[in-house]
Amino acid sequence: MLLAPSILAADLADLAGALALCEAGGADMVHVDVMDGHFVPNLTFGIPVLAALRRRTHLPLDVHLMVNQPERLLDEYLAAGAARVAVHLEAVTHLDRLLSHLRKRGVKAGVALNPSTPVEALVDVLPALDFVLLMSVNPGFAGQAFLPRALDKTRRLKALLTESGAAVEIEMDGGIDRDNIARVVAAGVDTCVVGSGIFAAPDPVARMSELRERARQENP
Ligand code: DX5
Ligand code: ZN
């Protein structure tokens, strides 16, 4: 299991501190939630913030674009230092073109799905994908409750991947905490995004170890 702390749930007045916690806790990457106030009602980080984060950590930046028409500023996100980019299927018209562009630029290409979007919608782009980001909450805010249907979606996606032979990693985002991380990993998730489950904990570094431990115990 790879762990991707979502810094949206951290103290936003101290992002450098949040990055330091991610590093101290052995995070595999840092999940950055970009929101445009249109695709989702909320506004968060933009390109200058991404570039500033890049200068402060060696960890890969896992950029989750919750924006309409992500192709408009895609190259700017890449130049700012994204290592992985997920665009929402619901926000893109020419998904195949966008995914090839990401790969050409040496970035891991991902597609995010809202809870209401079936995984079967991805069947024709699987070979162009490096990862799928399954939302286990409706995107827009940290701290929401996990939607258990995401586990069934994960199993269905896993079956599709096995059938197609595509090497695509599964990432899950929203409401993951110590109480459900084992079930999430057991369902087939490779990368867990955790926001409040880490940054609202009294000791975020210790919580990261606990999350890894719980995921391992249930999935030896
Ligand atoms: C929600 C974001 C998530 C969120 C996760 O729209 O995409 O990454 O920050 O936070 P928690 O783990 O608190 O649900
Ligand atoms: Zn996210």
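Given H placed 1.01 Å from N in the peptide plane, which residues other than close sequence neighbours of Val32 have an amide H under 5 Å from its amide H?
Correct list: Asp62, Val63, His64.
With point charges of +1 on the Cβ of Lys and Arg and -1 on the Cβ of Asp and Glu, referenced to the Cα centre of the stretch 125-220, which listed residue (Ile198, Ala142, Gly175) lies farthest in the positive direction of the dipole?
After comparing all options, I get Gly175.
Probe 1.4 Å, all protein chains in place: accessible area of His94 in Å², nearest 10?
110 Å²
Where does the chain land on the Kirkwood hydrodynamic radius, alpha-carbon pairs, in angstrom?
By the Kirkwood definition, the hydrodynamic radius is 17.2 Å.
For the pair Ile47 and Gln217, how long in nm is the line joining their label points, each one 7 Å along Cα→Cβ?
Rounded to a tenth, the inter-label distance reads 4.6 nm.
Considering only DSSP beta bridges with both partners in the stretch 2-215, what is the antiparallel share in %, to the nearest 5? List each step's numbers first, then the result.
Working: 1 of 33 bridges.
Bridges in the stretch 2-215 that DSSP calls antiparallel: roughly 5 percent.
Quick check on packing: order 148-154, 169-175, 10-16 by the mean number of other C-beta atoms within 10 Å, highest mean leading. It would help to have the intermediate numbers written out before the result.
Working: 148-154: 17.6, 169-175: 23.7, 10-16: 13.4.
The peptides rank, most packed first, as 169-175, 148-154, 10-16.
Please work out the C-alpha center-to-center distance from the stretch 77-144 to the stretch 155-188 and express it in whole Å.
15 Å
First obtain the Kirkwood hydrodynamic radius of the stretch 44-153 from its Cα pairs, then insert it into the Stokes-Einstein equation at 25 °C and 0.890 mPa s, and state the resulting D in µm² per second as a whole number. Intermediate values should be presented prior to the final figure.
Working: Rh = 14.6 Å.
Using the Kirkwood radius from Cα pairs, D works out to 168 µm²/s.
Which value, in Å², gives the accessible area per residue of the chain when a 1.4 Å probe is used on the protein heavy atoms?
Working: 9570 Å² over 220 residues.
Here the residues of the chain average 43 Å² of exposed surface.
As an exercise, use a Förster radius of 35 Å and the Cβ-Cβ distance of Arg55 and Arg178 to find the FRET efficiency, rounded to the nearest 0.05. Walk me through the intermediate numbers first.
Details: r = 32 Å, r/R0 = 0.91.
The pair Arg55/Arg178 has a calculated efficiency of 0.65.
For Arg149 and Ala121 in one chain, what is 0.36 nm times their gap in residues minus the Cα-Cα distance, to one decimal in nm? Write out the running numbers ahead of the final one.
Numbers: separation 28, 0.36 × 28 = 10.08 nm, distance 1.66 nm.
The Arg149-Ala121 span can extend by a further 8.4 nm.
Using a 1.4 angstrom probe on the protein heavy atoms only, could you order Leu89, Leu161, Leu2 from most to least accessible area? Please report the intermediate quantities before stating the final value.
Values: Leu89 40, Leu161 15, Leu2 65 Å².
From most exposed to least exposed: Leu2, Leu89, Leu161.
Hey, what do the phi angles of the stretch 114-131 turn into as Karplus ³J(HN,Hα) couplings, whole Hz, using 6.51/-1.76/1.60 and θ = phi - 60°, x for Gly and Pro?
5, x, 8, 9, x, 5, 4, 5, 9, 4, 8, 10, 3, x, 8, 10, 9, 8
Give me the percent of accessible area attributable to carbon and sulfur for the chain, probe 1.4 angstrom. Before the final figure, lay out each step's value.
Numbers: 4930 of 9570 Å².
Looking at the chain in its full context, I get 51 percent from C and S.
The values are calculated or read from the model by the stated rules, or taken from the named source; none is laboratory data. Computed from a predicted model, the values in this text were never measured in an experiment. Cβ sites come from the backbone with ideal geometry, for glycine too, and all protein chains shown count toward neighbours. Just the protein is used for accessible areas: all its heavy atoms, side chains included, with ligands, DNA and RNA removed. Shrake-Rupley method; radii C 1.70, N 1.55, O 1.52, S 1.80 Å.
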